[in-house]
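Q: If you scroll down you'll find the structure; I have some questions about it.
The values are calculated or read from the model by the stated rules, or taken from the named source; none is laboratory data. Computed from a predicted model, the values in this text were never measured in an experiment. Glycine also receives a Cβ, built like all others from the backbone with ideal geometry; neighbour counts cover every protein chain displayed. Areas reflect the complete protein model, heavy atoms only, side chains present, ligands, DNA and RNA absent. Shrake-Rupley method; radii C 1.70, N 1.55, O 1.52, S 1.80 Å.
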Amino acid sequence: MSAKKSLLWSASAGLAGITGLAAHDVLQKKHSLLRAFPVVGHGRYFVETIGPELRQYIVASNDEERPFSRDQRSYIYSAAKGVNTYFGFGTDNDIEHLEGYPVIKHRTFTGDAPDTAAAHGSHDDATLPCAKVLGAARGRRKAFRPHSIVNVSAMSYGSLSAQAIRALNGGAAAAGCLHNTGEGGLSDHHRQGGDLILQIGTAYFGCRDSDGRFDLDKLVALTESAPVRAIEVKLSQGAKPGLGGVLPAAKVTPEIARIRGIPEGEDCISPSRHTAFHDVDSMLDWVELVADATGLPVGIKSAVGDMTFWEHLAEQMTGGDRGVDFVTVDGGEGGTGAAPLVFSDSVSMPFRAGFTRVYSVFARAGLTDRIVFVGSGKLGLPDNAMVAFALGADMLNVAREAMLAIGCLQTQKCHTGHCPTGVATQNRWLARSLDPELKAGRTASYISTLRRDLLKVAEATGVLHPALIDCDDIEIFFGQSSSRSLRDVAGYEAGWGQPSRADRDELARIMAELGDESPAPAQIPTGEDAQQEA
């Protein structure tokens, strides 16, 4: 066939295709736009499809986009890649007009601050242990002092790909931090060397019988099969508090069925409430049962709504014979779990408001020294993290920030199964693009850099450790019209938000030793030694 005939044939085929598409558009009734504007109307749907990418890379300014701005993502990406995280030419934030803008107040003179070398350059692997011993207050057999105040939050295998879970757990092992399994069960992919927090949700995946009821023997066996350091009971999460979930039958693969202990190829429905307990009293009995059987610290995770639950919990813990070892407060701005829009936007309190109210309940009851407080909800950025520590958080969990560190592009396709970088998908072709070994290194680099930067801010404010920053060290500005201390905004009394004097003294001793020799995390007191020193 001559070139001329080939060209004519191609043009005819193209014209026939366009004519056929035009006929289809005119005759179909589903889309009014296409009936009125056949063929060219498809351009609108194409632009809508790539709208997030257009806004992300072309339209939005450096500090405009949500949930994470371009500046915030750039910080996380740079930290994960181990490159320069500095920014030049001043802030992009509209500090003259922003409402509720936090400003951390540095000190000119102080006799108590980290060594500069520990916060810069030579100590990018800055070790920042928890100020409290997890489980010591209740005398748990396997109480320990967490090595890291920054840890990987709960994200289940199933919502994230196998490669993503492997990268996160391998990174946690390298960074010496904890990795929460999420409620989807403890998979083979969680066994890459990282210490685990085993999360138990309402469906009791991995520790349930054939009827879906909690099975204590299975839980004990599961915790003994992996490096599980604590158990977190999920009451609710920031993305969709008060809702259960459905895993469609098509997604219940043989592997997921084995891990979760559910029938293969059948819809898996997670209830919205626990069945092993029904109120605070029965929950505390159940917590003590689990803690006694496993020896592990046991805590709860919840978003914050009605405060009655927290008031009853504090009241029943006052006697000291029962209690949770840690409380993870999840902010309503959290987002790794897919949810209806109204839940993402309007159900449960944002972190700062929710955490403040919960901490205040326990502070008034005199219980804060018995509990390790964990914050979750966009806290993997140094400024947000420092506010959380000032409010009384002892540790932070990072979720979306960890996803960004291993390649997430914030395309917001988590709920579709079509994550383009293989993070939040079970599509084998997409997931294969994520190299677990490489991304494990980026997870570790991000966490280490964040800890280093938190240590830098602690140095500027004149304290040895980020957990020792005080509410009076942060001021909240409301444009140029007024400002109030964080203590005033939170309604905190003197001493609230700080560890006990004994915990502060012990933390100062540990930080001094780390500054002198920079020992490996294993040299931080753990287990029975930590209980004796606490």
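The rows are residues; the columns are (1) charged (D, E, K, R); (2) open to solvent by 50 Å² or more (accessible area, probe 1.4 Å); (3) modelled with pLDDT under 95.
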| position | (1), (2), (3) |
| --- | --- |
| SER482 | no, yes, yes |
| TYR492 | no, no, no |
| ASP503 | yes, no, no |
| ARG509 | yes, yes, yes |
| ALA512 | no, yes, yes |
| GLY515 | no, no, yes |
| GLN523 | no, yes, yes |
| ALA530 | no, no, yes |
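Q: Let me ask something else. Consider segment 411-442. How many of its residues are assigned to a loop (DSSP other than H, G, I, E, B), in contact (Cβ under 8 Å) with a residue 12 or more places away in the chain and farther than 21 Å from ASN169 by Cα?
A: Of the residues in that region, 3 qualify.
Q: Run ALA174 past the list (1) open to solvent by 10 Å² or more (accessible area, probe 1.4 Å); (2) within 17 Å of the chain's Cα centre (by Cα); (3) in contact (Cβ under 8 Å) with a residue 60 or more places away in the chain and report the number of the one that doesn't hold.
A: (2) is the only condition that ALA174 fails.
Q: Just to be sure I understand, how many residues within segment 393-403 are part of a loop (DSSP other than H, G, I, E, B) and either open to solvent by 10 Å² or more (accessible area, probe 1.4 Å) or not charged (D, E, K, R) (or both)?
A: 2
Q: Step by step: first the residues of segment 102-123, then only those that are open to solvent by less than 60 Å² (accessible area, probe 1.4 Å) and modelled with pLDDT of 90 or more, then the one that is nearest to the chain's Cα centre (by Cα). Which residue is that?
A: Once the filter is applied, the top-ranked residue is PRO102.
Q: Among the residues of segment 1-41, write down those that are open to solvent by 90 Å² or more (accessible area, probe 1.4 Å), of a type outside the set (Lys, Arg) and in a loop (DSSP other than H, G, I, E, B).
A: MET1, PHE37, VAL40
Q: Only residues that are open to solvent by 20 Å² or more (accessible area, probe 1.4 Å) and among the charged types (D, E, K, R): list them for segment 404-452, please.
A: LYS413, ARG428, ARG432, ASP435, GLU437, LYS439, ARG442, ARG452, listed by residue number.
Q: Given the conditions (1) surrounded by fewer than 22 Cβ atoms within 10 Å (Cβ to Cβ); (2) in contact with a Phe, Trp or Tyr (Cβ under 8 Å, 6 or more places away or on another chain), which single one is not true for LYS456?
A: (2)
Q: Further question on the same structure: Is it the case that segment 492-501 has a residue that's outside any helix (DSSP H, G or I) and more than 30 Å from ALA353 (Cα to Cα)?
A: Scanning segment 492-501, I find no residue that is outside any helix (DSSP H, G or I) and more than 30 Å from ALA353 (Cα to Cα), so the answer is no.
Q: Collect the residues in segment 451-490 that are assigned to a helix (DSSP H, G or I) and farther than 19 Å from PHE351 by Cβ, keeping them in residue-number order.
A: ARG451, ARG452, ASP453, LEU455, LYS456, ALA458, GLU459, ALA460, THR461, LEU468, ASP472
Q: Of everything in segment 464-480, what is surrounded by fewer than 23 Cβ atoms within 10 Å (Cβ to Cβ) and of a type in the set (Val, Ile, Thr)? Give them in sequence order.
A: Correct list: ILE476 only.
Q: Residues being polar (S, T, N, Q) and within 26 Å of ARG452 (Cα to Cα): count how many of those fall in segment 357-388.
A: 2
Q: Please verify whether HIS189 is without any contact (Cβ under 8 Å) to a residue 40 or more places away in the chain and crowded, with 24+ Cβ neighbours inside 10 Å, treating the condition exactly as stated.
A: No, not satisfied.
Q: If you don't mind, there's one more thing I want to ask. Within segment 479-504, count every residue that is among the charged types (D, E, K, R), closer than 17 Å to VAL103 by Cα and in contact (Cβ under 8 Å) with a residue 60 or more places away in the chain.
A: Residues flagged as among the charged types (D, E, K, R), closer than 17 Å to VAL103 by Cα and in contact (Cβ under 8 Å) with a residue 60 or more places away in the chain within segment 479-504 amount to 0.
Okay, residues lined up against (1) closer than 17 Å to ASP453 by Cβ; (2) among the aromatic types (Phe, Trp, Tyr); (3) touching a Gly at 6+ places or on another chain (Cβ under 8 Å); (4) assigned to a loop (DSSP other than H, G, I, E, B):
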position: ARG66; (1), (2), (3), (4): no, no, no, yes
position: ARG73; (1), (2), (3), (4): yes, no, no, no
position: ILE76; (1), (2), (3), (4): yes, no, yes, no
position: TYR86; (1), (2), (3), (4): yes, yes, no, yes
position: HIS97; (1), (2), (3), (4): no, no, yes, yes
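Q: Can you pull out every residue in segment 72-93 that is polar (S, T, N, Q), open to solvent by 60 Å² or more (accessible area, probe 1.4 Å) and over 26 Å from GLU437 (Cβ atoms)?
A: Listed by number, the list holds a single entry, THR91.
Q: For segment 130-184, what are the residues that are under 22 Å from THR253 (Cα atoms) and of a type in the set (Val, Ile, Thr)?
A: Hits for segment 130-184 are ILE165, THR181.
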